[in-house]
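Engineer: Please read through the structure below; I'll follow up with questions.
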Amino acid sequence: MRKDKRAGRYEPVLPKLKDPKAILFLVVGSISCFALATLLDAFVEWLLPKQAEELQEVMNMTLNGNILIGLLSVVILAPICEELALRGIILQHSKRVHGIVGCMILNAVLFGVFHMNPIQGLYVLPMGLFWAFVGYKFNSVVPCIFCHAMNNFLGMFVGNFIGGLAGIWVSFGIFVVFGWLAAFIGSRMEVLRKQESPKQQTGQYEMTGDKERMT
C-alpha cells in the first residue's frame with residue numbers, strides 16, 4: 001500500500017464497497033461459489049470415501065464441537081490469515097508478471113495446495129478463482145476476507161443440511177441462479193469492467209539512476 005501511494009496508484013477500497021451493487025455482487029458470487037464447492041465436495045467424497053472420513057474426523061477434533069471456537073477459528077481467523085497471505089501478498093506480487101487470468105489460476109492452485117488434502121484441495125478451486133478475481137479487480141484483500149468469512153459461515157451452518165441427491169440438485173440450482181446473478185450484476189459494475197494499463201498488468205520497470213522502481 002505504501003508503494004502504491006508513493007507511485008500514485010493507490011485507490012482506497014471503501015468507496016468501491018459503498019456501491020450497493022458491489023456488496024450484492026460479493027454476496028451472490030460467494031453463494032454461487034459455495035454451491036459449486038458443495039457439488040465438487042460431494043463428487044470427491046464419492047471418489048475418495050476413506051479420505052472424506054479422515055477429513056471429517058480432523059475437522060471434528062479441530063472444532064471440538066464448540067460453536068464459539070468454530071466461529072473464531074473458521075469464520076474470523078482463517079479468512080483473515082489465508083487472505084492476507086494468498087490474495088494479499090501472493091496476488092499482489094504475481095500481478096507484476098501475470099495478467100488477471102494467470103493470477104487467478106496461480107492463486108487458485110496455491111489455495112488448493114495450501115489445504116494439504118485432496119478433498120479440500122479440489123473443492124476450494126472455484127473459491128480461489130473467484131476470490132483472486134475479486135482481489136485483482138478491487139485491488140484489496142478486504143472484500144476477499146468478507147467473501148471467505150461468508151463462505152466458511154455457510155459451511156458451518158448450511159453445509160450439513162445439503163446432502164444426498166436432493167441436496168446435489170439444490171446446490172446445482174443455487175450455483176446456476178446465483179452465478180447468473182453475479183455475472184449480471186458484475187457486468188454493470190465499473191470496478192469490474194475497468195481495464196488496467198499495460199504497465200500495471202505486466203509490472204514494467206523503469207530505471208532511475210542506479211535504482212529500479214516499478215511504474
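The values are calculated or read from the model by the stated rules, or taken from the named source; none is laboratory data. None of these values were measured; they are calculated from a predicted model. Reconstructed Cβ throughout: ideal geometry from the backbone, glycine too, with neighbour counts over all protein chains shown. Just the protein is used for accessible areas: all its heavy atoms, side chains included, with ligands, DNA and RNA removed. Shrake-Rupley method; radii C 1.70, N 1.55, O 1.52, S 1.80 Å.
Engineer: Would you say Ile119 is assigned to a helix (DSSP H, G or I) and open to solvent by 30 Å² or more (accessible area, probe 1.4 Å)? Break it down into steps so the answer makes sense when it comes.
Structural biologist: Values: assigned to a helix (DSSP H, G or I): yes; open to solvent by 30 Å² or more (accessible area, probe 1.4 Å): no.
No.
Engineer: Sticking with this one: Assigned to a helix (DSSP H, G or I) and either of a type outside the set (Val, Ile, Thr) or more than 9 Å from the chain's Cα centre (by Cα) (or both): does that describe Met104?
Structural biologist: Values: assigned to a helix (DSSP H, G or I): yes; either of a type outside the set (Val, Ile, Thr) or more than 9 Å from the chain's Cα centre (by Cα) (or both): yes.
Yes, satisfied.
Engineer: Another one. Scan segment 137-158 and report the pairs whose first residue is within 16 Å of Cys81 (Cβ to Cβ) and whose second residue is part of a loop (DSSP other than H, G, I, E, B), with Cβ atoms within less than 6 Å and a gap of 6+ or a chain change.
Structural biologist: Going by the 6 Å Cβ cut-off, the qualifying pairs are Val142/Val13.
Engineer: Still on this structure, I have one more. When the residues of segment 86-101 are filtered to those that are open to solvent by less than 40 Å² (accessible area, probe 1.4 Å) and free of Cβ contacts under 8 Å to residues at least 60 places away in the same chain, which remaining residue is farthest from the chain's Cα centre (by Cα)? Please lay out each step first, then the result.
Structural biologist: Applying the first criterion (open to solvent by less than 40 Å² (accessible area, probe 1.4 Å)) to segment 86-101 yields 86-88, 91, 94-95, 99.
Now restrict to residues that are free of Cβ contacts under 8 Å to residues at least 60 places away in the same chain: 86-88, 91, 94.
Numbers: Leu86: 9, Arg87: 8, Gly88: 11, Leu91: 11, Ser94: 16 Å.
In this case the residue turns out to be Ser94.
Engineer: Does any residue of segment 115-129 turn out to be among the β-branched types (Val, Ile, Thr) and within 9 Å of the chain's Cα centre (by Cα)?
Structural biologist: Yes: segment 115-129 contains one or more residues that are among the β-branched types (Val, Ile, Thr) and within 9 Å of the chain's Cα centre (by Cα).
Engineer: Could I ask something else about it? Do we have Glu190 as acidic (Asp, Glu) and either at positive phi or open to solvent by 30 Å² or more (accessible area, probe 1.4 Å) (or both) here?
Structural biologist: Numbers: acidic (Asp, Glu): yes; either at positive phi or open to solvent by 30 Å² or more (accessible area, probe 1.4 Å) (or both): yes.
Against the criterion (acidic (Asp, Glu) and either at positive phi or open to solvent by 30 Å² or more (accessible area, probe 1.4 Å) (or both)), Glu190 qualifies.
Engineer: Looking at Leu48, Leu40 in this structure, which one is of a type outside the set (Val, Ile, Thr), at pLDDT below 85 and surrounded by 16 or more Cβ atoms within 10 Å (Cβ to Cβ)?
Structural biologist: Leu48
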